[in-house]
Amino acid sequence: MKSSVEQLSETRAKITVEVSFDDLKPEIDQAYAALAQQVQIPGFRKGKAPRQLIDARFGRGPVLEQVVNDMLPNRYAEAIEENNIKAIGQPEVEVTRIEDGDLVEFTAEVDVRPEIELPDFAEISVKVPAVQIDDEAIDAELETLRSRFSTLKDHNHKLKKGEFATINLSASVNGEKIDEATTEGLSYEVGSGDLIDGLDKVLVGMKTGESAEFTTTLAGGDHKDEEATVTVEVTATKQRELPELDDEFAQMASEFDTIEELRESAAKDVEARVKNEQASSIRDEALKAALEKVTFALPESIVTEQVHSQLHQLLGQLAHDEAALTSALEAQGTTREEFDAENRANAETAVRTQLFLDALAEAEEPQVSQQELTDHILFTAQSYGMDPNQFISQLQESGQIANLFSDVRRGKALAQAICRVSVTDSEGNEVDASVYFGDDDSDDSEDGTDEA
């Protein structure tokens, strides 16, 4: 097999492959064997008909067609590897010449990863928020836990923000009742701003049995942006009662016997969360700084595919109703043109980041263990709310396990590089990135972990 490469642009290449019939012997044998199974010739058992009779029955064309179809995937893959082509996406293949008994020639145009000159991560400096674990943060953690065990108690005083009301709502536009804005027995937290603009202002100071009327502009529905008259009736008022922070609460809300033990646990939870946030900041800032130091062209077809994929996913949630998408965008204060521009910018960022991380992984050469791949698959299945076994089965059927392997490899490559970044926090303290991103799998080989 002979192959040559023509660089059409920074991100696209054309590969010309020439395969002799001597090299095609396995595919030719396979093609005749398949056709022999389709014909019954007197005097010959099924599948044993000689090639001359098969040619006479089918002609040479079907044989050559089968040979070409069988050989294209493998010969294309061989040409990619032989010429060290970093292909991305699907190729556009064209058979350009077939000389029976001599050779087959085909071309394949494919997007390729551009040359990326990686920055020296040791020269990158980033600043991230400091890890702060104070009494206020711990108190907030305990308050969140208290709220989970709170109860609502009836009261008769005037409503305040943060209290709850059971309300009936009705609205009309020009005297016409709006059914979609009518409800009864709705429990609502005063001050949350979750319903109609102007409702919170009216509810503050009201008591059970009282009603009030106000005007507002409707935010959605058939009467969107129209002025409506809204009537609200309070049928019950309640306030949240929180349990005391004592040993009894600790025993009810946790596995601890005392409030001191619960507070120590809350402090550890706060510390873990703040450190995770700092690690995320280090990763995001380091990657952002690294990307700012490099420039390279993006494969247009890959970006376009990403744009279409995001749009298709969004439209799928709206029953592929373009008008519904336009309405939803307008409700958010944006236009379709602005959405398309933002979608494309996001696609370009995603493609640029992935290409950069692929180049980084090639340079860093991180090793991915089978356990790391399994953990990532299980985490991804959980994020999709799927049964792990079912998820793995789908991955195998669609051939997507390699993609998840690449995800893990990119992440490990970035982690290795980040360990060389200079990091300081907002208080001027140096932060050792290896504490978060250092390789803690150094003895994997000793405990029998296999590499994927």
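Readers should treat all values here as calculations from the given coordinates under stated rules, not as data from a laboratory. In this text the structure is predicted, and so the values were computed from the model without any measurement. Because the Cβ atoms are built from the backbone with ideal geometry, glycine has one as well, and the counts that use them run over all protein chains shown.
With +1 on each Lys and Arg Cβ and -1 on each Asp and Glu Cβ, how big is the dipole of the chain about its Cα centre, in debye rounded to the nearest 20? Provide the component values of the computation, followed by the final result.
Numbers: 41 positive and 96 negative charges, 382 e Å.
Magnitude of the dipole: close to 1840 debye.
Can you tell me the 0 to 90 degree angle between the C-alpha axis of helix 300-316 and the longest principal axis of the chain, rounded to 10?
For 300-316 against the chain, the angle is about 50 degrees.
Which loop-located trypsin sites (Lys or Arg not before Pro) does segment 194-237 contain, where loop means any DSSP state but H, G, I, E or B and the Cβ has at most 12 other Cβ atoms within 10 Å?
Working: sites: LYS201, LYS207, LYS224; in loops: LYS207, LYS224.
Within segment 194-237, the qualifying trypsin sites (Lys or Arg not before Pro) (loop, at most 12 other Cβ atoms within 10 Å) are LYS224.
Please state the Cα pair-distance histogram of segment 174-312 with 10 angstrom bins from zero: what percent is in each bin?
Reading upward from the zero bin: 8, 18, 14, 17, 26, 15, 2.
Could you tell me the center-to-center distance, by alpha carbons, between segment 154-187 and segment 280-310 in angstrom?
One Cα centre to the other: 47 Å.
Please return the longest stretch of the chain lacking exposed loop sites, where chymotrypsin sites (Phe, Trp or Tyr not before Pro) count only if DSSP places them in a loop and at most 14 other Cβ atoms lie within 10 Å. Before the final figure, lay out the partial values.
Details: sites that count: PHE44, PHE149, TYR384.
By the stated rule (loop sites, at most 14 other Cβ atoms within 10 Å), 150-383.
Please give the peptides 344-353, 394-403 ranked by average Cβ packing (other Cβ atoms within 10 Å per residue), highest first, as a rough proxy for protection. Write out the running numbers ahead of the final one.
Working: 344-353: 16.0, 394-403: 11.1.
Packing order, densest peptide first, comes out as 344-353, 394-403.
Which values of log₁₀ I(q)/I(0), to two decimal places, follow from the Debye formula for the chain at q = 0.07, 0.08, 0.14 Å⁻¹ with a uniform point scatterer at every Cα?
Computed log10 I(q)/I(0) values: -0.68, -0.84, -1.40.
How fast does segment 271-420 diffuse by Stokes-Einstein, in µm²/s, taking the Kirkwood radius from C-alpha pairs at 4 °C and 1.567 mPa s? Let's see the in-between values first.
Working: Rh = 18.1 Å.
After rounding, the answer is 71 µm²/s.
Measure nothing but the geometry: give the 0 to 90° angle between the long axis through the Cα atoms of 135-148 and the longest principal axis through the Cα atoms of the chain, rounded to 10°.
Value to nearest ten degrees: 90.
Principal axes first, then extents: for the Cα atoms of segment 162-222, list largest minus smallest coordinate on each axis, whole Å, largest first.
31, 21, 18
Long-range amide H contacts for GLY220: which residues qualify at under 5 Å (H placed 1.01 Å from N, peptide plane, sequence gap of 5 or more or a different chain)?
For GLY220, whose amide H was placed from the backbone, the distant partners under 5 Å are ASP225.
For segment 419-431, take each phi angle, set θ = phi - 60°, evaluate the Karplus expression 6.51 cos²θ - 1.76 cosθ + 1.60, and give the result in whole Hz per residue in order, putting x for glycine and proline.
After applying 6.51 cos²θ - 1.76 cosθ + 1.60, I find 4, 9, 7, 8, 10, 10, 9, 5, 9, x, 7, 6, 10 Hz.
Which angle from 0 to 90°, rounded to the nearest 10, does the C-alpha axis of helix 370-383 make with the longest principal axis of the chain?
50
Report the dimensions of segment 99-139 along its three principal axes from the alpha-carbon atoms, largest first, rounded to Å.
84, 30, 13
Please list the non-local residues whose amide H lies under 5 Å from the amide H of THR11, H modeled 1.01 Å from N, same-chain partners needing a gap of 5 or more.
Under 5 Å from the amide H of THR11: no residue qualifies.
State, in angstrom, two size descriptors of segment 297-356 derived from its alpha carbons: Rg to one decimal place and Dmax to the nearest whole number.
12.6, 37
Ignoring everything except DSSP H segments at least 4 long, calculate the 222 nm mean residue ellipticity for the chain; use -39,500 (n - 2.57) per segment, divide by total residues, nearest 500. List each step's numbers first, then the result.
Values: 14 runs with 206 residues, N = 452.
So the calculated ellipticity at 222 nm is -15000 deg cm²/dmol.
Which semi-axis lengths, in whole Å and largest first, follow from the square roots of five times the eigenvalues of the Cα gyration tensor of segment 2-112?
Details: eigenvalues 236, 28, 22 Å².
Calculated on Cα positions only, the semi-axes equal 34, 12, 11 Å.
About the Cα centre of segment 297-356, what is the dipole size in debye to 20, counting +1 per Lys and Arg Cβ and -1 per Asp and Glu Cβ, all else neutral? Working shown, then result.
Details: 3 positive and 10 negative charges, 43 e Å.
That gives a dipole near 200 debye.
Quick one: what are the phi-derived ³J(HN,Hα) couplings along segment 100-116, Karplus 6.51/-1.76/1.60 with θ = phi - 60°, whole Hz, x for glycine and proline?
3, x, 10, 7, 10, 10, 9, 10, 9, 9, 8, 6, 10, 5, x, 5, 10
Within the P(r) computed for segment 137-194, what percentage of the Cα pairs occupies the region above 18 Å? Intermediate results must be reported in sequence, preceding the final value.
Details: 930 of 1653 pairs.
Taking all Cα-Cα pairs of segment 137-194, the fraction more than 18 Å apart is 56 percent.
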